[in-house]
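The values are calculated or read from the model by the stated rules, or taken from the named source; none is laboratory data. These numbers were taken from a predicted model, which means no experiment stands behind them. Methodologically, a virtual Cβ is constructed for each residue, glycine included, from the backbone with ideal geometry; neighbour enumeration extends over all protein chains shown.
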Amino acid sequence: MANAPAPAVYGGDEISALVIDPGSSWTRAGFAGEDTPKVVVPTFYGKSGDRIYVGDNDLHSPRPGMEILSPMSDGCVSDWDMTVKIWDYALSKRLYTEAKEHPLLITEPSWNPAKDREKAVEVAFEELGVPAFYLAKEAVCSAFACGKPTALVVDVGSAVASVTPIIDGLVLKKATFHSEFAGDYINSHLSALFKSKNITLTPHFMIARKMPVEIGQPPQATLKTFDGLTESFLEFQRARILNEFKESTSGVLEQPYNEVIANIRPARPFEFPDGYNLNFGADRYVTTEPLFQPQAYPLPDSTVDANAQGITELITASVNACDVDARANLVNNIVLIGGTSLLQGFTERINIELNQAFPGMKIRIQAPGNSSERKYAGWIGGSILASLGTFHQMWIGKKEFEEVGPTVVEKRCK
Amino acid sequence: MSSADIRDMLDLPSQVPAASRPPPAKRIKTDGKKLDGIHRELHNLLGENTPPVTVMQSKFKEKPNWMQKPSPWVWTKFKNPARGDDLELYHWVRGAPSNDEYPFAKFNKPVDVPTFSKEEYDKCLADTAWTSRETEYLFDLCREYDLRWLVVQDRYDYEPEENEPPSIRTLEDLKERYYFCCRKLMELRRDASGADWTPRDLELYNAMNFNKDKEIMRKQYLERLLSRSPAEIAEEERLILEYRRLQESSKKLVQDREELLRLLESPQTANTFAQYQSPQGLSQLAGNILASDKNRRRKGAPEAAAQGGQVARAVPGTPNGGAPPQAVTPQQAVQNGVHGTKQTPQPGRSAAAQAAATPAVSKAELAQSVTNKKVAKRVPPGQENLYGISYHDKLVQGVYLRSTKISTLKPTVQTKVASILAELGIAPKLAMPTAKVCDRYEALQQAINLLIETKKQVDKLDHEVKVSTSGNAVQESDA
Ligand SMILES: Nc1ncnc2c1ncn2[C@@H]1O[C@H](COP(=O)(O)OP(=O)(O)O)[C@@H](O)[C@H]1O
Ligand SMILES: [Mg+2]
């Protein structure tokens with residue numbers, strides 16, 4: 001047993017790398033080679049004067065004057081200082097490890113601008129002090145997580161919905177499209193709906209005691225009072241209720257929204273944190289329709305850009321932007337991921353609409369059945385990538401970075 | 001507690017002197033070796049004989065061998081020769097670290113993209129649509145993306161210099177330029193070196209012959225194929241199904257025809273039929289057949305031979321009425337001949353069908369006259385009815401209803417016949433089944449059956465004619 005064992009068929013070679021997948025709502029971190037991220041923290045930070053708060057516990061504690069802000073915009077990192085704080089918290093406080101000792105792989109959206117990519121390399125080497133670094137495309141990682149080197153990755157997350165064609169593990173940038181019609185957009189519609197129904201959203205932390213009430217009856221809850229809470233903090237807390245509603249009650253019709261059909265579906269009850277509860281029928285469906293028809297279902301008192309595209313139109317546009325030789329292969333390898341794709345009926349709707357859009361091609365949608373595989377697909381793919389023996393020639397070394405500078409990322413991470 | 005103890009307690013004398021007690025039963029000796037999967041007691045019962053098979057019980061996890069020395073895993077530095085720099089990463093290695101090359105380095109295989117010098121470019125690669133700088137850019141991209149054309153085109157973002165026109169390149173433009181340059185470079189280098197190409201070079205050279213127009217056309221076709229509407233796809237599927245059906249039925253037709261031809265050819269395979277075309281030849285053939293028929297009957301079924309009348313009646317009426325194969329074959333040949341001759345425009349074959357058919361008819365007539373001769377001995381012909389006499393080939397024992405003797409057809413045919421009878425206003429059950437009525441009834445049934453068959457054939461032929469004329473029409477309109 002003197003020699004190293006022959007590499008196994010799957011070609012793994014662990015070098016104890018770290019993987020971080022910064023999403024618009026959650027940042028996922030863990031060791032490469034594992035099948036789920038060990039740490040999932042909100043991609044938000046609290047700011048109160050000079051103090052910065054990160055991590056679940058601090059973010060959800062009601063503090064006077066604490067604003068809750070996001071360091072991301074359009075799926076890309078926009079505030080690097082805060083992002084580093086979140087990453088550092090995830091690695092040192094939650095994973096109990098030091099970035100200095102491990103190569104680091106970070107995922108990025110396919111439309112990440114060059115300056116942000118260079119910034120990422122700088123941050124990794126200069127602030128986190130990693131020995132080696134790689135910036136992987138989130139969509140490519142998601143395709144790898146589903147075992148596909150060639151795929152059309154449809155990712156409907158919180159802030160962005162994106163469609164990315166991938167050929168042999170390389171993104172076709174000119175055919176990549178993304179829009180804002182994703183999870184958070186549904187949240188805006190939901191809060192508009194509740195407002196129109198005169199339902200006040202009282203966040204969990206305010207409830208001291210509550211009594212069970214009959215359906216539709218006014219809530220009987222004793223509330224705690226807090227002074228000086230900021231609107232952004234309350235908004236952040238209300239979003240948790242909206243997310244709960246989406247996950248338990250919302251759904252998507254198999255066909256374009258139609259009130260008659262939506263009303264036939266059984267209504268579902270939802271209980272708000274203060275005990276108020278109501279049956280939701282057609283409202284379960286009408287609030288998710290903007291994902292597919294953004295123009296027909298704008299937010300109250302606002303209009304949607306005439307060029308805005310729903311998710312099916314994004315997919316169609318992306319496929320048609322690819323060379324005709326690649327199309328059949330792409331639609332036969334659609335990978336559907338992202339938390340919002342977990343909406344009940346979402347996959348069926350996409351499947352039906354795509355079959356209408358491409359009657360001459362065989363559509364096959366692969367959507368991981370396991371909900372954590374959908375939400376963490378980007379991270380899981382990064383974990384696979386960073387533990388492959390053949391991948392280790394791709395890392396950007398510290399010395400290389402010092403010699404070439406941050407532009408090395410353009411050459412290496414394609 | 002043994003009996004000795006009880007005796008002792010009760011002060012009874014011990015029954016047997018201790019010395020004479022039998023010695024304790026000796027334990028049956030077992031072989032020294034331990035047996036797997038079988039209890040020792042059970043094994044002992046087997047005595048001297050070793051069992052031919054041992055029952056293996058599935059054991060739980062194997063006991064770990066604690067005594068083995070553990071092999072250590074070491075956190076070791078390694079260098080990857082596939083890298084340009086000497087970055088050192090760490091991984092766990094079992095046992096002592098070795099100095100072998102990193103096992104995954106061998107998978108690093110770049111694609112061979114040629115390079116060219118300024119002179120080479122000026123000599124043979126110059127092109128008005130391309131500058132040397134842009135060509136260089138294209139080659140670099142091809143190298144970078146290992147000739148993955150879809151990606152090369154996606155990342156193609158050439159920034160022309162001030163005096164250059166902006167470049168908009170399709171995938172075909174890029175491929176054409178690249179393969180053109182590669183071929184030119186190969187030619188140039190062959191001429192420069194003076195050595196001939198190896199077969200591999202030649203193959204490569206031919207493979208790089210890129211036809212841009214053909215490629216564009218192919219893509220247009222593909223695009224049209226992929227953008228068919230659901231209605232078009234449905235229509236296409238329907239046509240394919242129809243085509244399959246036609247293929248199937250034409251296969252069946254060919255099979256039928258072959259069967260028919262085989263039957264037609266079976267009587268005379270060696271001789272030609274030219275000799276039977278004259279009237280004398282025909283009558284000779286009839287005689288031959290009759291003779292062979294008689295011979296066979298005498299040999300094969302003696303009692304059948306004695307009753308020639310039955311055969312005679314069977315032949316003209318029911319084709320399958322138990323007649324010997326010799327008689328059936330030409331009969332069917334006549335029936336099938338209708339479409340057999342029509343479909344095969346071979347004069348020889350149709351002549352054969354007629355040649356075979358004619359003797360059958362004459363043979364039937366002959367047989368009829370034989371019967372008549374026998375009858376004539378007793379009653380003047382045509383007067384049997386007058387006298388109420390009838391002759392039977394074979395009388396069934398006991399009493400029976402004549403109506404039960406009316407032959408039945410196949411159930412499917414029978415229902416059709418019944419419906420036609422109903423149309424004609426004839427009751428399905430005979431009210432007065434006299435011999436004559438029964439005979440006529442049966443004849444009527446046969447006639448209807450024949451008509452149905454004929455109608456079926458006509459429909460089939462009609463359909464075929466329609467299909468082939470519509471096929472012709474399509475071909476004509478296409479042309
Ligand atoms: N079961 C569910 N049904 C509907 N929406 C869900 C479900 N689970 C998560 N989501 C939504 O998915 C979004 C998060 O998805 P994710 O892929 O993690 O986004 P990101 O990568 O942008 O952080 C949130 O808006 C969340 O509300
Ligand atoms: Mg995501």
Open item on the list: Checking the conditions here, which among A:399, A:362 is more than 15 Å from residue A:154 (Cβ to Cβ), away from ligand 2 (no atom under 16 Å from the Cβ), modelled with pLDDT of 90 or more and not in a helix (DSSP H, G or I)?
Closed with: A:362
Task: Failed condition for residue A:316, given (1) more than 14 Å from ligand 1 (Cβ to nearest atom); (2) farther than 19 Å from residue B:154 by Cβ - done: (2)
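Yes/no matrix, rows are residues, columns are (1) more than 16 Å from residue A:142 (Cβ to Cβ); (2) surrounded by fewer than 20 Cβ atoms within 10 Å (Cβ to Cβ):
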| site | (1), (2) |
| --- | --- |
| A:315 | no, no |
| A:337 | no, no |
| A:361 | yes, no |
| A:366 | no, yes |
| A:379 | no, no |
- [ ] Note down all Cβ pairs under 6 Å where the first residue falls in the range A:148-163 and is free of Cβ contacts under 8 Å to residues at least 60 places away in the same chain, the second is more than 10 Å from ligand 2 (Cβ to nearest atom), and they're at least six residues apart or on different chains.
- [x] A:149/A:168; A:149/A:169
Open item on the list: Going through A:299, A:330, A:336, A:354 one at a time, which residue ends up being within 16 Å of ligand 2 (Cβ to nearest atom) and either modelled with pLDDT of 95 or more or more than 18 Å from the chain's Cα centre (by Cα) (or both)?
Closed with: A:336
Task: Residue selected from the range B:109-127 under the condition without any contact (Cβ under 8 Å) to a residue 60 or more places away in the chain and surrounded by 13 or more Cβ atoms within 10 Å (Cβ to Cβ), by the criterion nearest to residue B:204 (Cα to Cα) - done: B:113
Open item on the list: Can you say whether residue A:121 is touching a residue at least 24 places away in the same chain (Cβ under 8 Å), away from ligand 1 (no atom under 16 Å from the Cβ), part of a loop (DSSP other than H, G, I, E, B) and crowded, with 23+ Cβ neighbours inside 10 Å, as far as the supplied structure shows?
Closed with: no
- [ ] Count, please, the residues in the range B:92-133 that happen to be within 20 Å of residue A:393 (Cβ to Cβ) and of a type in the set (A, V, I, L, M).
- [x] 4
Task: Boolean, residue A:377 is touching a helix residue (DSSP H, G or I) at 6+ places or on another chain (Cβ under 7 Å), closer than 20 Å to residue A:30 by Cα and either of a type in the set (Gly, Ala, Ser) or more than 13 Å from ligand 2 (Cβ to nearest atom) (or both) - done: yes
Task: Output for the range B:118-155, where each listed residue is among the β-branched types (Val, Ile, Thr) and closer than 27 Å to residue A:330 by Cβ - done: B:151, B:152
Task: residue A:414 vs. criteria assigned to a loop (DSSP other than H, G, I, E, B), more than 16 Å from ligand 1 (Cβ to nearest atom) and closer than 23 Å to residue A:108 by Cα - done: yes
Open item on the list: Against the conditions (1) within 16 Å of ligand 1 (Cβ to nearest atom); (2) under 20 Å from residue A:139 (Cβ atoms), where does residue A:344 fall short? Just the number, please.
Closed with: (2)
TODO: Name the one entry in A:59, A:18 that is within 14 Å of another protein chain (Cβ to nearest Cβ), buried (at least 18 other Cβ atoms within 10 Å of the Cβ) and either away from ligand 2 (no atom under 16 Å from the Cβ) or touching a residue at least 24 places away in the same chain (Cβ under 8 Å) (or both).
DONE: A:18
- [ ] State whether one or more residues within the range B:130-145 are within 14 Å of chain A (Cβ to nearest Cβ) and assigned to a loop (DSSP other than H, G, I, E, B).
- [x] yes
Open item on the list: What's the total number of residues in the range A:145-170 that are over 17 Å from the mean Cα position of the chain (by Cα) and either surrounded by fewer than 24 Cβ atoms within 10 Å (Cβ to Cβ) or within 16 Å of ligand 1 (Cβ to nearest atom) (or both)?
Closed with: 8
- [ ] Please specify each residue of the range A:37-58 satisfying the condition of being touching a Phe, Trp or Tyr at 6+ places or on another chain (Cβ under 6 Å) and away from ligand 1 (no atom under 13 Å from the Cβ).
- [x] A:46, A:52, A:54, A:55
TODO: Output the strands (runs of 3 or more DSSP E) that fall wholly within the range A:154-219 and possess 1 or more residues being away from every other protein chain (no Cβ under 14 Å) and within 16 Å of ligand 2 (Cβ to nearest atom), or say none.
DONE: A:161-167, A:177-179
- [ ] Just give me the residues in the range A:126-153 being within 14 Å of chain B (Cβ to nearest Cβ) and either modelled with pLDDT under 95 or not in a helix (DSSP H, G or I) (or both), in sequence order.
- [x] A:130, A:131, A:132, A:133, A:134, A:137, A:149, A:150, A:151, A:152
TODO: Return yes when residue B:150 is part of a helix (DSSP H, G or I), closer than 18 Å to residue A:170 by Cβ and more than 7 Å from chain A (Cβ to nearest Cβ) and no when it is not.
DONE: no
